[in-house]
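We did not get these values from a lab; they are worked out from the coordinates using the rules stated. As the structure is a prediction and not an experimental result, all values here were calculated from the model. Because the Cβ atoms are built from the backbone with ideal geometry, glycine has one as well, and the counts that use them run over all protein chains shown.
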Amino acid sequence: MNKAATRRARWRRESCLRYVDLGSAIPESHRAWYGSSTRHTALLANVPVWGMIIPIMGATTVGTSSGRALLGQTRLSVLALLYGRPDEARYLNDIVRAVGAGTGAVQRELARLTAAGLLRRVVRGKQVYFQANAHAPVFPEIRGLIVKTVGAVGVLRSGLEMLGDGIRLAFIYGSLARGEETVASDVDLLVIGAAGLFDVVSALAPAQETLRREVNPAVFPRAEARRKLREGDPFLTAVVEGPKLFVIGGEHELAELVR
């Protein structure tokens with residue numbers, strides 16, 4: 001392809017992305033251009049317009065190398081922002097600011113993810129909002145990947161790791177662990193180890209700001225937790241037997257605690 005043809009192809013693709021930005025369906029005359037320049041065909045016309053959704057402002061943080069290796073930095077950042085809080089819709093400029101990447105790169109990822117059915121595109125006037133598509137067949141898997149890498153688990157782990165050996169076991173329980181969280185849900189966290197409540201709360205302060213959710217740690221020394229479990233403490237028994245997302249430690253450490 002010569003330079004003139006390359007410039008024309010770039011212009012055509014940017015034209016398609018401008019239609020996505022403005023919330024318009026890609027015209028028939030442009031769909032071939034969009035389909036020929038990416039591995040995805042022009043599926044945006046099949047994505048329904050869901051109606052008005054009011055966005056909730058905020059930010060996201062992406063930090064683990066495993067997620068970046070699997071998805072790439074910009075795509076991971078977009079997914080972390082939208083799948084990290086799937087009950088919220090964000091408009092384009094808000095997403096660009098939160099992700100911290102170039103507008104063109106973010107537009108391309110939004111177009112691809114919407115075309116693949118992973119995001120919902122909501123139009124309100126001249127503004128376009130994007131939201132995780134909870135009806136996507138792979139929504140649970142992507143949501144789980146985000147939570148475990150750059151979502152609540154990864155963010156909480158980064159905070160607790162500074163306490164070193166003071167934490168023997170830590171896991172999320174409650175609505176987040178069950179996948180039933182809402183905008184108002186807190187993050188319920190059980191922490192077992194030598195670290196005290198003040199140290200745990202201090203270590204989790206940055207995580208709470210990043211997640212934009214209140215983090216409620218229940219902190220127990222290991223000996224006290226084992227004693228309470230043997231005595232049949234209703235709270236600890238229910239937490240240990242319920243759904244959980246491990247932050248520090250895992251099934252092995254939990255088995256040591258309960259036996």
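Compute the distance in nm between two label points, each set 7 Å from the Cα along the Cα-to-Cβ direction, one at VAL183 and one at SER202. For VAL183 paired with SER202, the spin-label model returns 3.5 nm.
The residues neighbouring ALA194, those whose beta-carbon lies less than 9 Å from its own, together hold a net charge of +1 under the Lys/Arg +1, Asp/Glu -1 convention. Local charge for ARG178 was computed over the other residues whose Cβ lies under 12 Å away, with Lys and Arg +1 and Asp and Glu -1, and equals -2. Protection proxy ranking, highest mean first, for peptides 195-208, 226-239: 195-208, 226-239, where packing is the per-residue count of other beta-carbon atoms within 10 Å, averaged.
Residues of region 189-205 with an amide N closer than 15 Å to a point placed 7 Å from the Cα of ALA238 along the Cα-to-Cβ direction: 189-190.
Among residues other than ASN133 with Cβ under 10 Å from its Cβ, the summed charge is +2 (Lys and Arg +1, Asp and Glu -1).
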